[in-house]
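Inspection log for the structure reproduced underneath, given as structure tokens.
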Amino acid sequence: MNKLKLNYTHNNSVAQIIFDDGKGNVLDSLMMAELQALFDSFKQNKDLKLITFEGAGKHFSFGASVEEHKKDAAALMLKSFHQLFYSLRDLAIPTLAKISGQCLGGGMEVAIMCNFLFADKTAKMGQPEIVLGVFPPPASVILPEKIGLARAEELILTGKSISAEEAKDMGLVNMVFEDKPALETGVNAFIEQHILPKSASSLRFGVHASRAKFNNILTNFLQQLEQMYVKELMNTNDANEGINSFLEKRQAEWTNQ
């Protein structure tokens, strides 16, 4: 694997996935393919009780590759990205995100798909897609279910980032720790107390049960938003201008169409 590291911990009952591209842990097509291969391999592992996600270095992830949001690449990128969410849905293995530093865009969408989110005080979480003239399909479905419509709209329509404490106040993050070592210690204590004593099989039934409504909404609406994004949004001037201006490091010039 080039962009991910995988460790099995806690007597092989926890799969620790580390995003590691040497920079901002960007979720590009290569990293997505590696993630998909891992998820496929987990289907055969009846002993897994938890999958954790984290970023190497200071940051969780800067998000999906902006280059791959360009019109000619967007359809394939979204299809691959959204398949990751369907795969996690079907695995129903509990998931936990350990968030330090920037956790943005597609990176934040992977985090909010998790059952548990733990952060340290360096964490900054946001869905900045609207700043680029686009929108985040998974977050548009997941955030209202997790934190309610009003808070979800505040994040999706402003594109602003929030601190770990703000995310905890919203009910998005479970616990906040002082720094990355404290986060690691806290997560380990949580795993040992609350995950390891449980049956891996029963945990999966628990995830299916607690997400019965959530999964139904994700399945139905994510597909609709993918079609809207590819067939409508990417045929507007401003969506293309937003992506291109970012890549060209210049101010976007909106025509409002």
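The values are calculated or read from the model by the stated rules, or taken from the named source; none is laboratory data. The model shown is predicted, which means the values in this text are computed figures rather than measured ones. Cβ: placed from backbone, ideal geometry, glycine included. Neighbour counts: every protein chain shown. Only protein heavy atoms, including side chains, enter the accessible area calculation; ligands, DNA and RNA are left aside. Shrake-Rupley method; radii C 1.70, N 1.55, O 1.52, S 1.80 Å.
Out of 247, 222, which single residue is surrounded by 14 or more Cβ atoms within 10 Å (Cβ to Cβ) and not polar (S, T, N, Q)? Let's see the steps before the verdict.
Details: 247 fails: surrounded by 14 or more Cβ atoms within 10 Å (Cβ to Cβ).
Of the residues listed, the single one that is surrounded by 14 or more Cβ atoms within 10 Å (Cβ to Cβ) and not polar (S, T, N, Q) is 222.
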task: Please work out if residue 134 is in a loop (DSSP other than H, G, I, E, B), more than 16 Å from residue 19 (Cβ to Cβ) and out of contact with any Gly (no Cβ under 6 Å at 6 or more places or on another chain).
output: yes
query: Any residue in the range 75-82 that is open to solvent by 10 Å² or more (accessible area, probe 1.4 Å), farther than 15 Å from residue 36 by Cβ and assigned to a helix (DSSP H, G or I)?
result: yes
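Return the residues of the range 127-173 that are on the phi < 0 side of the Ramachandran plot and small (Gly, Ala, Ser); say none if nothing qualifies.
Step one: of the range 127-173, the residues on the phi < 0 side of the Ramachandran plot are 127-132, 134-147, 149-158, 160-170, 172-173.
139, 140, 150, 152, 161, 163, 164, 167, listed by residue number.
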query: Tally time: how many residues in the range 130-162 are touching a residue at least 12 places away in the same chain (Cβ under 8 Å), open to solvent by 30 Å² or more (accessible area, probe 1.4 Å) and hydrophobic (A, V, I, L, M, F, W, C)?
result: 5
field: So residue 73, is it more than 21 Å from residue 189 (Cα to Cα) and either more than 14 Å from the chain's Cα centre (by Cα) or of a type in the set (A, V, I, L, M) (or both)
entry: yes
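Looking only at the range 27-48, count how many residues are open to solvent by 40 Å² or more (accessible area, probe 1.4 Å) and in contact with a helix residue (DSSP H, G or I) (Cβ under 8 Å, 6 or more places away or on another chain). Talk me through it step by step, then tell me what you get.
The first filter runs over the range 27-48 and keeps only residues open to solvent by 40 Å² or more (accessible area, probe 1.4 Å), leaving 29-30, 33, 37, 40-41, 43-44, 46-47.
Now restrict to residues that are in contact with a helix residue (DSSP H, G or I) (Cβ under 8 Å, 6 or more places away or on another chain): 29, 33, 40, 43, 46-47.
The qualifying residues number 6.
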task: Go through the range 49-69 and give me each residue that's part of a loop (DSSP other than H, G, I, E, B) and either open to solvent by less than 60 Å² (accessible area, probe 1.4 Å) or modelled with pLDDT under 95 (or both).
output: 49, 56, 57, 59, 60, 63, 65, 66
message: Tell me the residue from 146, 168, 160, 180 that is within 15 Å of the chain's Cα centre (by Cα), at pLDDT 95 or above and basic (Lys, Arg), please.
response: 146
field: Residue tally, condition closer than 22 Å to residue 195 by Cα and over 15 Å from the mean Cα position of the chain (by Cα), over the range 17-39
entry: 1
field: Where residue 24 falls short, out of the listed (1) at pLDDT 95 or above; (2) open to solvent by 40 Å² or more (accessible area, probe 1.4 Å); (3) under 22 Å from residue 180 (Cβ atoms); (4) assigned to a loop (DSSP other than H, G, I, E, B)
entry: (2)
- request: Taking residue 176 as the residue in question, decide whether it is surrounded by 17 or more Cβ atoms within 10 Å (Cβ to Cβ) and closer than 30 Å to residue 45 by Cβ.
  value: no
task: Filter the range 190-218 for residues that are within 14 Å of residue 11 (Cβ to Cβ) and open to solvent by 70 Å² or more (accessible area, probe 1.4 Å) and give the result.
output: 192, 197, 198
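For the subset of the range 1-16 comprising residues that are assigned to a strand (DSSP E or B) and either in contact (Cβ under 8 Å) with a residue 12 or more places away in the chain or open to solvent by less than 40 Å² (accessible area, probe 1.4 Å) (or both), which member is farthest from residue 198 (Cα to Cα)?
Going residue by residue through the range 1-16, those that are assigned to a strand (DSSP E or B) are 4-9, 14-16.
So of that shortlist, the ones also either in contact (Cβ under 8 Å) with a residue 12 or more places away in the chain or open to solvent by less than 40 Å² (accessible area, probe 1.4 Å) (or both) come out as 4-6, 14-16.
Values: 4: 28, 5: 26, 6: 23, 14: 12, 15: 16, 16: 18 Å.
Once the filter is applied, the top-ranked residue is 4.
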message: So residue 165 ticks every box in (1) surrounded by 22 or more Cβ atoms within 10 Å (Cβ to Cβ); (2) part of a helix (DSSP H, G or I) but one. Which box is left unticked?
response: (1)
